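J.: I have a structure here, written as structure tokens, and I will follow up with some questions on it.
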Amino acid sequence: MTLPVPSNLERFPELHPAFDTQSALAEANRCLYCYDAPCSAACPTHIDVPRFIKKIASGNLHGSANTILDSNILGLSCSRVCPVDVLCEGACVMHRYNKQPIEIGRLQRYAMDRFYERGPRLTPHALPVATGKVACIGGGPASLSCAAELRRRGYHVTVFDNRPLPGGLNTYGIAEYKLRPSDSLREVGLVQSLGVEFRQQEIASTQSLDELEKEYDVIFLGIGLGAMEALGIPGEDRPEVIDALRFIAHYKTRDLEVGRVVVVIGGGNTAIDAANAARRLGADEVHVFYRRTEKEMPAFLYEYENSKLEGVQFHWLAQPVEILERAVRLVSTRLGAPDASGRRKAEPVPGTEFAFVCDMVIPAVGQSRFMKLLEGSRGIDLEHGCVAVDRPTGRTSNPKYYAGGDCVNGGREVVDAVADGKRAALAITRRLEAVRG
Ligand SMILES: Cc1cc2nc3c(=O)[nH]c(=O)nc-3n(C[C@H](O)[C@H](O)[C@H](O)COP(=O)(O)OP(=O)(O)OC[C@H]3O[C@@H](n4cnc5c(N)ncnc54)[C@H](O)[C@@H]3O)c2cc1C
Ligand code: SF4
């Protein structure tokens, strides 16, 4: 596997260009270095934003990167993928003065890029040796963060991931123009350099959990969500149908041919990512069909706006009923009364079926929450298909198990998974220290 896939370098140029040194310094000097900075409070991992920016302004780039990494070991990927408008930059005090917020994400990226270019070197913490072994199931952001934090406190940690490459959705799911798998793997390498052990192994049976329980004092679940939900309509198993997660993982790690006219079903960020990618991979036309309207679409507004610039066409109030050999049959919908969550239900309108000609269909209607591994075993409570935890500690109803990331929150952002992993690591440390007495 050659990563990044060479043709992707051209097809997926970066969405936001990196700062050059002069622009980074100018932007860093615009920061007011607020006391009790709202940007740090709005960051789920509470990076000391004014501090890392001040270090950029004074030319201490190594110190800046280490300030970021002290709070967030995935500072590189977060700098590229965080929805900063609704997080740190959204809270910037500059908004109060009707000025552009400080470009925190791009400054963070500037510091992190220099850190990795110069050969990643964490400021050495005297690594203590602590008694206690932790297994992290899943090798995505939640587990990587939990593992790094525990390792920094001297615990022995092993990460078990079922895929050929670790990194979870950072490696296989996030749009190529935001984060390349090779950058995700650089971060995995950093965690590895702390002494965390990685094994490619699926923990899929009661027996494998029994074995882990014998060998490890605590088990952290960072297993993310399941495969994409099925549409549940005839024709879904046709060869021209590929779900969005498989489609994205495929083009990020191998060459992939797309159809000339591609239909994407869904209205979330994953649908948008798949639609944009299909355009970049050469589809002449990409059509997104969503059963509600633009107003109800769950995708972030800026992702939607960007997708229109990519040439993706959006169609509202329609849902598929059957996939044929070279077409999708859809039915028009109308919005009914709101359901328990306040969302208006989309109801098919009888007699409005129509066919749309296409040669590839990408369903993107959400990831499943099927937790086969946990159902009915270990006394771990589930809630709406997610692992139920005590929020401040990540502890599950079985005190040997902690959990964080998408498998707990039902699918949010990378930075939320990192924050969960860190919080759980602190709670696990307290638990192991208490056991040791
Ligand atoms: C298409 C897409 C685009 C996204 N874009 C963004 C974005 O732009 N910005 C952003 O912040 N977030 C984005 N996200 C969300 C983000 O990727 C997730 O919130 C984050 O990756 C969650 O991390 P996690 O560690 O909980 O789970 P994951 O990243 O899903 O990692 C879980 C890992 O556990 C492995 N695993 C599961 N079960 C087992 C088992 N039994 N044994 C061993 N291994 C197992 C899985 O294979 C996987 O590698 C996106 C998500 C998707 C789907
Ligand atoms: S990790 Fe994300 S939310 Fe936090 S400061 Fe960095 S870019 Fe902002």
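J.: Please work out which one of (1) within 14 Å of ligand 2 (Cβ to nearest atom); (2) under 25 Å from Lys252 (Cβ atoms); (3) of a type outside the set (Val, Ile, Thr); (4) free of Cβ contacts under 8 Å to residues at least 40 places away in the same chain is the condition Glu10 fails and give its number.
T.: All conditions pass for Glu10, except number (1).
J.: Those residues that are aliphatic (A, V, I, L, M) and either closer than 30 Å to Leu185 by Cα or within 16 Å of ligand 1 (Cβ to nearest atom) (or both), I need them from the range 232-261; list them, please.
T.: Taking the range 232-261 first, the residues aliphatic (A, V, I, L, M) are 233, 241-242, 244-245, 248-249, 256, 258, 261.
Listed by number, the residues that qualify are Val241, Ile242, Ala244, Leu245, Ile248, Ala249, Leu256, Val258.
J.: How about the range 92-102: which of its residues are open to solvent by 30 Å² or more (accessible area, probe 1.4 Å) and of a type outside the set (D, E, K, R)?
T.: Going through the range 92-102, the residues open to solvent by 30 Å² or more (accessible area, probe 1.4 Å) turn out to be 95-100.
Result: His95, Tyr97, Asn98, Gln100.
J.: Go through Leu179, Leu209, Leu194 for me and flag whichever is farther than 14 Å from Leu69 by Cα and in contact with a Leu (Cβ under 8 Å, 6 or more places away or on another chain).
T.: Values: Leu179 fails: in contact with a Leu (Cβ under 8 Å, 6 or more places away or on another chain); Leu194 fails: farther than 14 Å from Leu69 by Cα.
Leu209 is the lone residue from the list that is farther than 14 Å from Leu69 by Cα and in contact with a Leu (Cβ under 8 Å, 6 or more places away or on another chain).
J.: Residues to consider are Asn398, Asn409; find the one that is within 26 Å of the chain's Cα centre (by Cα), surrounded by 15 or more Cβ atoms within 10 Å (Cβ to Cβ), without any contact (Cβ under 8 Å) to a residue 60 or more places away in the chain and assigned by TED's automatic domain parsing to the domain that holds Leu432.
T.: Numbers: Asn398 fails: within 26 Å of the chain's Cα centre (by Cα).
Just one listed residue meets the conditions, Asn409.
J.: May I ask you to list pairs of residues, at least six apart or on different chains, whose Cβ atoms are under 6 Å apart, with the first in the range 332-350 being farther than 15 Å from His315 by Cα and the second being among the acidic types (Asp, Glu)?
T.: Matching pairs, first to second residue: Gly336/Glu347; Lys345/Asp339.
J.: Can you give me the number of residues within the range 58-88 that are away from ligand 1 (no atom under 14 Å from the Cβ) and open to solvent by less than 30 Å² (accessible area, probe 1.4 Å)? First the steps, then the outcome.
T.: Here is the first cut: in the range 58-88, the ones away from ligand 1 (no atom under 14 Å from the Cβ) are 58-71.
Those left that are additionally open to solvent by less than 30 Å² (accessible area, probe 1.4 Å): 61, 63-69, 71.
Qualifying residue count for the region: 9.
The values are calculated or read from the model by the stated rules, or taken from the named source; none is laboratory data. Because the structure is a prediction, the values reported are computed rather than measured. So basically every Cβ, Gly included, is an ideal-geometry build from the backbone, and we count neighbours across all protein chains shown. Please note that ligands, DNA and RNA were not included when accessible areas were found on the heavy atoms of the full protein model with its side chains. Shrake-Rupley method; radii C 1.70, N 1.55, O 1.52, S 1.80 Å.
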